[in-house]
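Participant: Below you will find the structure I want to go over with you.
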Amino acid sequence: MTAIPTSWTIVQHSAFGYKNNPQFEQGLETRPVRTVWEKARVEAAQGILFNSYREAEDFAMSAMYPEGHPGGIIPDAKGTFSDKEIDGLKIYIPLREVTG
């Protein structure tokens, strides 16, 4: 695998992906993207790539706990998940806002 400068993507929370905990079905986690293959996989899934871990984490937190979230730790990210995976977790496909 050809290494590239690390970027970051968002995937479904491991508590759901690995342990099938339904409370975290709409939860998100940040994962590194280190190879050309992983980058192409995220792009093919219509996922998103970030240049820094902090950017990715900030996005994940705001997506899981949007304005109007009732509080608590149960996440409620809008969007869907691809059948393509990074680290065995489905790549997050955020809602895209249509304008115009």
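Participant: Among the helices (runs of 4 or more DSSP H) lying completely within region 4-68, list those that include at least 1 residues that are touching a residue at least 60 places away in the same chain (Cβ under 8 Å) and either closer than 13 Å to residue 79 by Cβ or not acidic (Asp, Glu) (or both). Before the answer, list the steps.
Facilitator: Details: elements: 14-17, 36-44, 53-64.
Those helices (runs of 4 or more DSSP H) span 14-17.
Participant: Something else about it: Could we say that residue 14 is in contact with an Asp or Glu (Cβ under 8 Å, 6 or more places away or on another chain) and polar (S, T, N, Q) here?
Facilitator: yes
Participant: Scan region 79-100 residue by residue and report those that are in contact (Cβ under 8 Å) with a residue 24 or more places away in the chain and not in a strand (DSSP E or B).
Facilitator: 87, 88, 94, listed by residue number.
Participant: Of all residues being surrounded by fewer than 21 Cβ atoms within 10 Å (Cβ to Cβ) and of a type in the set (Val, Ile, Thr) in region 1-14, which is nearest to residue 93 (Cα to Cα)? Just the residue, please.
Facilitator: Per the stated criteria, the residue is 6.
Participant: Also: Go through (1) at pLDDT 95 or above; (2) surrounded by fewer than 18 Cβ atoms within 10 Å (Cβ to Cβ) for residue 66 and report which single condition fails.
Facilitator: Of everything listed in (1) at pLDDT 95 or above; (2) surrounded by fewer than 18 Cβ atoms within 10 Å (Cβ to Cβ), residue 66 misses just condition (1).
Participant: Out of the residues in region 15-47 that are within 15 Å of the chain's Cα centre (by Cα) and of a type in the set (S, T, N, Q), which is surrounded by the fewest Cβ atoms within 10 Å (Cβ to Cβ)?
Facilitator: Looking at the filtered set, the residue picked out is 46.
Participant: With respect to residue 53, determine if the residue is in contact with a Leu (Cβ under 8 Å, 6 or more places away or on another chain) and surrounded by fewer than 19 Cβ atoms within 10 Å (Cβ to Cβ). Break it down into steps so the answer makes sense when it comes.
Facilitator: Numbers: in contact with a Leu (Cβ under 8 Å, 6 or more places away or on another chain): no; surrounded by fewer than 19 Cβ atoms within 10 Å (Cβ to Cβ): yes.
Criteria not met by residue 53.
Listed here are the residues, each with its yes/no results for (1) touching a His at 6+ places or on another chain (Cβ under 6 Å); (2) at pLDDT 95 or above; (3) not hydrophobic (A, V, I, L, M, F, W, C).
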{"residue": "4", "(1), (2), (3)": "no, no, no"}
{"residue": "8", "(1), (2), (3)": "no, yes, no"}
{"residue": "14", "(1), (2), (3)": "no, yes, yes"}
{"residue": "20", "(1), (2), (3)": "no, yes, yes"}
{"residue": "59", "(1), (2), (3)": "no, yes, no"}
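The values are calculated or read from the model by the stated rules, or taken from the named source; none is laboratory data. Everything quoted here is computed from the prediction, not taken from an experiment. With ideal geometry, Cβ positions are generated from the backbone for all residues, glycine too; neighbour counts draw on all protein chains shown.
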